[in-house]
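What follows is one structure encoded as structure tokens, with my remarks underneath.
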Amino acid sequence: MQKHYLITGGLGLIGSALANAIDTKTTILTRSTKNKKRLKRKDVKIVVKDLNNISTNDLGGTDVIFHCASTVHNYHVLDDPFIDTHTNIVGTTKLLEACKKLKKKPKIIYLSTFFVYGNTYEKTGKPITEDSPTDPLAIYPATKLCTESIIKLYGKLYNIPYIICRLTNVYGEHEHFDNKKKGALNYLIMQAVLGKELSIYRGGNFFRDYLHVDDLVDALLFLESRAENELFLIGQGTPVKFSDIIKELLRLTGNKSKVTQIPPPRFHDIVGITNFIADTRKINSLGWKAKIDYRQGIKKIVTHYETSL
């Protein structure tokens, strides 16, 4: 019997990549169809609806929900401090309320973020695991962490199975390149493709874990049938200094761009993470490992951007 999947935020970078990879009945919940070109499948049902208006009728027959709908950066506090709460906490609670009324409870796979850890790596000097202390520095990760707790509570109260996935920096060819708040790496890649100046915080002297969206989709589909009521940190698993990413980007684009070092603004210093190194042994121990390193991933994006100009 084929499974029926529902993807909230289904036309985002991750949601659309998931929809394209699944080969059975799939429904997308989205507030807007403006990114419909990301969707390659023609047989996906698209429901245009805000998550806060979801009902049990929208979930009938659903086996698995990939819950991707979310805010995506720290900056809303500067202009709309309630949007993170409304989207992440209230929206997810509405989804859970609809799920609890179903006789057959769908499994919820929730996409959280490494931002919930804040600067724990700086404090401990130890690679981050699922059990590392959390210390969110902004409203966005604070609401994501709160939502994790709400999902766990509903799981216990109403027997709704779940998997919580804390993702490192996710990137891919179909991310927007004109938004420095979200997809900053893609923005820099396009700047380099165009031969424009690259302004880098602290000269790129910090560590990150960049996970290509294709690897993430592979990990999510891998976990879906192998885990329940668990938390996983999903990343590439190999730390990379951001300055090395820039060096590789310049090499791939012919060293046309001038690189300048700039200090981060005060807001970034308050809410930003300095270094992040992920310990992905938990998911690796189940048999999954990322396949695309940052060199391969950047090359894929550069090629995509160059052919689209």
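Here are some notes:
- Within the stretch 155-181, the set of residues being surrounded by fewer than 16 Cβ atoms within 10 Å (Cβ to Cβ) and within 30 Å of residue 303 (Cβ to Cβ) comprises 176, 178, 179, 180, 181.
- Selection from the stretch 144-198 of residues that are at pLDDT below 95 and farther than 24 Å from residue 309 by Cβ: none
- Condition check for residue 135 on (1) over 23 Å from residue 107 (Cβ atoms); (2) surrounded by 14 or more Cβ atoms within 10 Å (Cβ to Cβ); (3) out of contact with any Gly (no Cβ under 8 Å at 6 or more places or on another chain); (4) in the same structural domain as residue 91 (by TED's automatic domain parsing): one failure, at (3).
- Residue ID - farthest from residue 162 (Cα to Cα), chosen from residues in the stretch 66-119 that are of a type in the set (S, T, N, Q) and within 14 Å of the chain's Cα centre (by Cα): 74
- If the condition is being in contact (Cβ under 8 Å) with a residue 12 or more places away in the chain, among the acidic types (Asp, Glu) and out of contact with any helix residue (DSSP H, G or I) (no Cβ under 6 Å at 6 or more places or on another chain), then the stretch 245-270 contributes no residue at all.
- For the stretch 12-41, the set of residues classified as within 18 Å of residue 174 (Cα to Cα) and exposed (fewer than 15 other Cβ atoms within 10 Å of the Cβ) consists of 32, 33, 34, 36, 37, 40, 41, listed by residue number.
- Within the stretch 258-291, the set of residues being of a type in the set (A, V, I, L, M), within 21 Å of residue 192 (Cα to Cα) and at pLDDT 95 or above comprises 259 only.
- Of all residues making up the stretch 13-38, the number that are within 23 Å of residue 53 (Cα to Cα) and either assigned to a strand (DSSP E or B) or free of Cβ contacts under 8 Å to residues at least 60 places away in the same chain (or both): 14
The values are calculated or read from the model by the stated rules, or taken from the named source; none is laboratory data. The shown structure was predicted, so the numbers you read here are calculated from the model rather than taken from an experiment. Note that we place each Cβ from the backbone using ideal geometry, even for glycine, and neighbour counts take in every protein chain shown.
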